[in-house]
Amino acid sequence: MPGDNRTDPPSIGTERETLRGFLDYQRATLAMKCEGLGDEELRQLSMPPSTLSLLGLVRHMAEVERAWFRRPFEDNDAPMVWSEKIDFQAAYDASASTRAEAFAAWEAEVENSRRIERQADSLDLAGYQPRWDEEVSLRMVMVHVLVEYGRHNGHADFLREGIDGTVGA
């Protein structure tokens, strides 16, 4: 991996600035784990029969961003990115995917999520999460997505090390 260009989350800030900073830091961590790798390396599987790969994680996080920002706060019926039904596992199969395709979808969903968050008057904004059939606050969504990134960035650490021995960050 080239240098670490992530922006550290604020040490002091409002609740919103802190959540936003940590979420963007985790997003940048996933991108950094994929830096310098080609399509074939990004598609390299962790271990059969698992379909887990770095590219699969990027695709999965595009689904997570859509499912937790777009669907509750903009369009409850928005289709998922990689499946016709709500199937988060489908995103992990990146066997025919490319960096360009996966990152374009993920970056578009991240930008949409950022826009939704910036336009909200408050973290108390409520949206309807169709998967759970209940209302969720923007605060809860930001924490949930932050946890998703933290969990999957741990997977990304191991995947990257398995590809080329690179560790850290």
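The values are calculated or read from the model by the stated rules, or taken from the named source; none is laboratory data. If you're wondering where the values come from, they're calculated on a predicted model, not measured in any experiment. Heads up, the Cβs are rebuilt from the backbone with ideal geometry, glycines too, and the neighbour counts pull from every protein chain shown. The area values use the complete protein model at the heavy-atom level, side chains included, leaving out ligands, DNA and RNA. Shrake-Rupley method; radii C 1.70, N 1.55, O 1.52, S 1.80 Å.
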Glu15-Leu45 FRET efficiency (beta carbon distance; Förster radius 45 Å; 0.05 resolution)
0.70
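Are there GluC sites (Glu not before Pro) in region 2-99 that DSSP puts in a loop and that have at most 16 other Cβ atoms within 10 Å, and which ones?
For GluC sites (Glu not before Pro) across region 2-99 that sit outside H, G, I, E and B with at most 16 neighbouring Cβ atoms in 10 Å, the list reads Glu35, Glu74, Glu84.
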Quick one: what are the phi-derived ³J(HN,Hα) couplings along region 50-60, Karplus 6.51/-1.76/1.60 with θ = phi - 60°, whole Hz, x for glycine and proline?
4, 9, 5, 8, 4, 5, x, 5, 4, 4, 4
Karplus-derived 3J(HN,Hα) from phi for region 104-112 (6.51 cos²θ - 1.76 cosθ + 1.60, θ = phi - 60°), whole Hz, x at Gly and Pro, runs 4, 5, 4, 4, 5, 5, 4, 5, 5
Per residue, how many Å² of accessible area does region 70-169 show with a 1.4 Å probe?
53
Can you compute the modelled spin-label distance between Ala169 and Glu107, with each label point 7 Å from Cα toward Cβ, in nm?
1.7
Taking the square root of 5λ for each eigenvalue of the C-alpha gyration tensor of the chain, the equivalent ellipsoid has semi-axes, largest first and in whole angstrom, of 27, 20, 12
What is the calculated FRET efficiency for Glu161 to Asp77, with r their C-beta to C-beta distance and R₀ = 35 Å, to the nearest 0.05?
0.30
Subtract the Cα-Cα distance of Ala100 and Asn5 from 0.36 nm times their separation in residues, and report this length gain in nm to one decimal.
32.2 nm
What is the magnitude of the charge dipole of the chain about its Cα centre, with +1 placed on the Cβ of each Lys and Arg, -1 on the Cβ of each Asp and Glu, and no other charges, expressed in debye to the nearest 20?
160
Share of accessible surface on carbon and sulfur in the chain, whole %, 1.4 Å probe and ligands ignored, is 51
Inter-probe distance in nm under a simple model that places probes 7 Å from Cα toward Cβ, at Ala31 and Asp121
3.2
